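Peer 1: What follows is a single structure, and I will ask about it in a moment.
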Amino acid sequence: MSVHYKEIKRITTHVLQEMKERGEKISMLTAYDFSMAKILDAAKVDVLLVGDSASNVMAGHMTTLPITLDQMIYHASSVIRGIYRALVVVDLPFGSYQGNSKEALISAIRIMKESGAHAIKLEGGEEILESIKRIVSSGIPVMGHLGLTPQSIYKFGTFEVRAKEEAEAQKLIRDAHILQEAGCFAIVLEKIPAVLATKVATEIKIPVIGIGAGGGVDGQVLVTHDLLGISKDFSPRFIRRYLNLYDEILNAVGKYIDDVKNLDFPNEKEQY
Ligand code: KIV
């Protein structure tokens, strides 16, 4: 019997809060296109992040800085067409919110209106407080992002673990509280010591989702292409590869090329 989509319980920000309260871990993965979103949603991942990592993974840039608001909206609307269940969160790209809170609100509204996404994410703490408050007060759910924030890579200078020093760790804890008070429904913590991430997740009430932040948080996020082993160029220790799709695809395409060259494809049954 097929399951009608109306029978599927959709994940909302409230469902994520309930998950934290009952100690159920939240699963989150990136998606940038319709086909992958459809598979990930069928697998019942809780949150799909249309990350600005699309700039690296889909477009081949070295950083997340070049991707534009229009490109994020294109990716997000493709993902939205593939899902029934997951909560879809979209990154505000670099340059679309740092100017002032009005610009941030206009960018967030464009994402919600033009893609049909359910929430937005932006990077930073106290520095972007006014923008977060303005977006939240317009009714748009906001996810925060602290720790290694890739849009600031030229300020950091490296992709090393953040907040190892006491002063930065204290600022991160303060920022997490500020984001919670400003009305964020969840926070991503990227590449920080596990002990610090656990402390934040214990202190604040909203869900904390980690990437390279250990197991003491309320959920985990990975870039789907890393989990599937589509790319081999990027191997920090926080990635667990569940497949080696790079080699699988290489083999499959190699066989196809051989079959075409050897006149083995198409065969009698594969033609009209
Ligand atoms: O853009 C992205 O993929 C992200 C995750 C790494 C959290 O922000």
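Peer 1: Please tell me which of these pairs span more than 18 angstrom C-alpha to C-alpha: Lys38/Lys121; Lys25/Lys164; Lys121/Lys232; Lys25/Lys121; Lys9/Lys38? Intermediate results must be reported in sequence, preceding the final value.
Peer 2: Values: Lys38/Lys121 21 Å; Lys25/Lys164 25 Å; Lys121/Lys232 27 Å; Lys25/Lys121 20 Å; Lys9/Lys38 16 Å.
Checking Cα-Cα distances, Lys38/Lys121; Lys25/Lys164; Lys121/Lys232; Lys25/Lys121 exceed 18 Å.
Peer 1: Charges only on Cβ, +1 for Lys and Arg, -1 for Asp and Glu: so what's the dipole of the stretch 36-136 about the Cα centre, in debye to the nearest 20?
Peer 2: In total the dipole reaches around 420 debye.
Peer 1: Related question: Determine how many Å³ per residue the convex hull of the Cα atoms of the stretch 118-272 encloses.
Peer 2: Residue-normalised Cα hull volume stands at 173 Å³.
Peer 1: Shifting gears a bit: Could you tell me how many degrees, from 0 to 90 and to the nearest 10, lie between the Cα long axis of helix 13-22 and the main elongation axis, the longest principal axis, of the Cα atoms of the chain?
Peer 2: Computed tilt is about 80 degrees.
Peer 1: When each pair of different Cα atoms in the stretch 61-177 is counted once in the 1/r mean, what is the Kirkwood radius in angstroms, to one decimal?
Peer 2: Kirkwood hydrodynamic radius for the stretch 61-177: 15.1 Å.
Peer 1: Can you compute the radius of gyration and Dmax for the stretch 47-129, using only the Cα atoms, both in Å?
Peer 2: Reported Rg and Dmax, both Å: 12.3, 35.
Peer 1: Among Ala119, Leu250, Pro193, which residue has its Cα furthest toward the positive end of the charge dipole of the chain, with +1 on Lys/Arg Cβ and -1 on Asp/Glu Cβ?
Peer 2: Farthest along the dipole direction, towards plus: Ala119.
Peer 1: Show me the ranking of peptides 141-150, 259-268, 110-119, 202-211 by mean Cβ neighbours inside 10 Å, starting with the highest.
Peer 2: The peptides rank, most packed first, as 141-150, 202-211, 110-119, 259-268.
Peer 1: Which order, highest average first, do 232-244, 55-67 follow once you tally other Cβ atoms within 10 Å for each residue and take the mean per peptide? Write out the running numbers ahead of the final one.
Peer 2: On the way: 232-244: 11.2, 55-67: 16.5.
Answer by packing, highest mean first, reads 55-67, 232-244.
Peer 1: Give me the angle, in degrees from 0 to 90, between the Cα long axis of helix 194-203 and the longest principal axis of the Cα atoms of the chain, rounded to the nearest 10.
Peer 2: With rounding to tens, the tilt is 60 degrees.
Peer 1: Where does the chain land at 222 nm, in deg cm²/dmol rounded to the nearest 500, when only DSSP H runs of n ≥ 4 count, each adding -39500 (n - 2.57), divided by all residues?
Peer 2: It comes out at -12000 deg cm²/dmol, rounded to the nearest 500.
Peer 1: Suppose every K and R has +1 on its Cβ and every D and E has -1 on its Cβ; what is the size of the dipole of the stretch 13-241 about the Cα centre, in Debye to the nearest 20?
Peer 2: Result for the stretch 13-241 is approximately 420 debye, rounded to the nearest 20.
Peer 1: Next up: Go through 45-53, 171-179 and give me the packing order, highest mean Cβ count within 10 Å leading.
Peer 2: Result, highest mean first: 45-53, 171-179.
Peer 1: Related question: What distance in nm separates the simple spin-label points at Arg110 and Tyr242, each placed 7 Å from Cα in the Cβ direction?
Peer 2: A separation of 3.4 nm, rounded to one decimal place.
Peer 1: Pulled fully out, how much extra length does the chain show between Arg174 and Lys261, if you take 0.36 nm times their separation in residues and subtract their Cα-Cα distance?
Peer 2: 25.1 nm
Peer 1: How high is the relative contact order of the chain? Use alpha-carbon pairs under 8 Å, at least six apart in sequence, and give a whole percent.
Peer 2: Computed over the chain, the figure is 15 percent.
Peer 1: If I fit a long axis through the Cα atoms of helix 166-182 and take the longest principal axis of the Cα atoms of the chain, what angle between them do I get, 0 to 90°, rounded to 10?
Peer 2: With both axes taken from Cα atoms, the answer is about 90 degrees.
Peer 1: Per the Cauchy relation, a quarter of the hull surface: what is the mean projected area of the convex hull of the alpha carbons in the chain, in nm²? Kindly include the intermediate steps, with their values, before the conclusion.
Peer 2: On the way: hull surface 70.0 nm².
Its average projected convex-hull area is 17.5 nm².
Peer 1: When only C-alpha pairs under 8 Å and at least 6 residues apart count, what is the relative contact order of the stretch 57-205, in percent? List each step's numbers first, then the result.
Peer 2: Numbers: 226 pairs, mean separation 31.2, N = 149.
Computed value for the stretch 57-205: 21 percent relative contact order.
Laboratory data are not the source of any read-out in this text; all were calculated from the coordinates shown. Small disclaimer: the values here were computed from a predicted structure and weren't measured. So basically every Cβ, Gly included, is an ideal-geometry build from the backbone, and we count neighbours across all protein chains shown.
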